[in-house]
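Visitor: Dropping the structure in here first, questions after.
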Amino acid sequence: MGTRWTAAWIGAVMALFFCGCSTVEDRLRESDLTLTELESRMRKATDPEGNFARSRTYGMLQDISIPRFLDDPDEYLVEVKFEWPDKFSLITYQENKPVSMWCSDGKRGWVADYKARTVKVLEGPELRRMLVTSQIGNPRESYGKIFPQVEVFLCDNEDGRFYRIDCRGEGPSSPFSIYVDAKTYLIRRVKFDLPVGSGRMNYDARIIRYEMREGVMIPMFTEIVQNGERQEGKITSYRLDQEFKDLDFMPPVF
């Protein structure tokens, strides 16, 4: 994970379980780079010294702000822990108290609701979705290994020129689209529109600014529109090779 996703991935995981789309019109044409060539340039852009590639774990904190009309914004803190190859946890706090947790030990997955004091075991499509999502940002993995169908296009819109990577799961579905800056090879946008239960989930994250942390380019500021609701994300801490325990990737016991 890490360098390819961080802030954008946090919102994606939240959206996958809770459920804004852009009006930007994309003009697509054939890519001049293969997926392998593009991913190689992305790795060099985000991890130029190979620091992340050599790491075993990372931890991250992100502040999430949801503006409210004529009121103070809702403020959340999101804590992410990841251990190679596929253990992760994502805990959301409000007023220093845990609200929810998404976690996986690499084979199983859970969603915990601290207020309701419940833990849901993820199975079938929900579990596969969580495990696939956890690999989307892993620079050691190729999108072509994660998704059955992947296409790369050159894309022009009012925001500029990008490489658009469209990833699809099994069966007919709208793509999980990743927009890569055609000059810097940094991800600038992630969006998708997926069915969830009896409804749909619309998600659009734009990475506003990157900064170098521990030799890794981190998306420090992100603007997200989720089901029409605007959110702002700011990463406040990012550390490689933190020490974690197996219990860090397990749900709470109520």
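Visitor: Work out from phi, with θ = phi - 60° and the Karplus expression 6.51 cos²θ - 1.76 cosθ + 1.60, the ³J(HN,Hα) of each residue of the stretch 146-156, listed in order in whole Hz, and give x for Gly and Pro.
Guide: Working through the residues one at a time gives 8, 10, x, 10, 9, 10, 10, 10, 7, 9, 10 Hz.
Visitor: R0 = 22 Å: FRET efficiency of I66 with S174, Cβ-based, nearest 0.05?
Guide: That pair, I66 with S174, gives E of 0.30.
Visitor: Please list the non-local residues whose amide H lies under 5 Å from the amide H of R56, H modeled 1.01 Å from N, same-chain partners needing a gap of 5 or more.
Guide: For R56, whose amide H was placed from the backbone, the distant partners under 5 Å are D241.
Visitor: Evaluate E = 1/(1 + (r/R0)^6) for A116 and A53, where r is the Cβ-Cβ distance and R0 equals 45 Å; express this FRET efficiency to the nearest 0.05. Walk me through the numbers before you get to the answer.
Guide: Numbers: r = 40 Å, r/R0 = 0.88.
Computed FRET efficiency for A116 and A53: 0.70.
Visitor: If you don't mind, there's one more thing I want to ask. What does the extension gain come out to for E229 and S142, with contour length at 0.36 nm per residue minus their alpha carbon separation?
Guide: Numbers: separation 87, 0.36 × 87 = 31.32 nm, distance 3.11 nm.
Residue separation times 0.36 nm, minus the Cα-Cα distance, leaves 28.2 nm.
Visitor: OK, next. What residues qualify as long-range amide H neighbours of R213, i.e. H under 5 Å apart, gap of 5 or more or another chain, H built at 1.01 Å from N?
Guide: Those lying under 5 Å, H to H, from R213 are I218.
Visitor: Also: Report the Cα centroid-to-centroid distance between the stretch 84-152 and the stretch 209-254 in angstrom, as an integer.
Guide: 13 Å
Visitor: Something else: Report the GluC sites (Glu not before Pro) located in the stretch 63-159 that are in a DSSP loop and have at most 13 other Cβ atoms inside 10 Å of their Cβ, or state none.
Guide: Passing both the DSSP loop test and the Cβ count: E95, E123, E158.
Visitor: May I pose another question? As an exercise, identify the chymotrypsin sites (Phe, Trp or Tyr not before Pro) in the stretch 56-90 lying in DSSP coil whose Cβ has no more than 10 other Cβ atoms within 10 Å.
Guide: For chymotrypsin sites (Phe, Trp or Tyr not before Pro) across the stretch 56-90 that sit outside H, G, I, E and B with at most 10 neighbouring Cβ atoms in 10 Å, the list reads F69.
Visitor: Here's another thing I want to ask about it. Residue by residue through the stretch 101-114, what is 3J(HN,Hα) from phi via Karplus (6.51 cos²θ - 1.76 cosθ + 1.60, θ = phi - 60°)? Round to whole Hz and write x for glycine and proline.
Guide: My calculation for the stretch 101-114 gives 8, 10, 8, 8, 8, x, 10, 10, x, 9, 10, 10, 10, 6 Hz in order.
Visitor: DSSP loop trypsin sites (Lys or Arg not before Pro) in the stretch 53-92 with at most 13 other Cβ atoms within 10 Å of their Cβ, which ones?
Guide: Answer by residue number: R56.
Here, each number is a calculation from the coordinates, and none is a lab measurement. Quantities reported herein were computed from a predicted structural model and do not represent experimental measurements. Because the Cβ atoms are built from the backbone with ideal geometry, glycine has one as well, and the counts that use them run over all protein chains shown.
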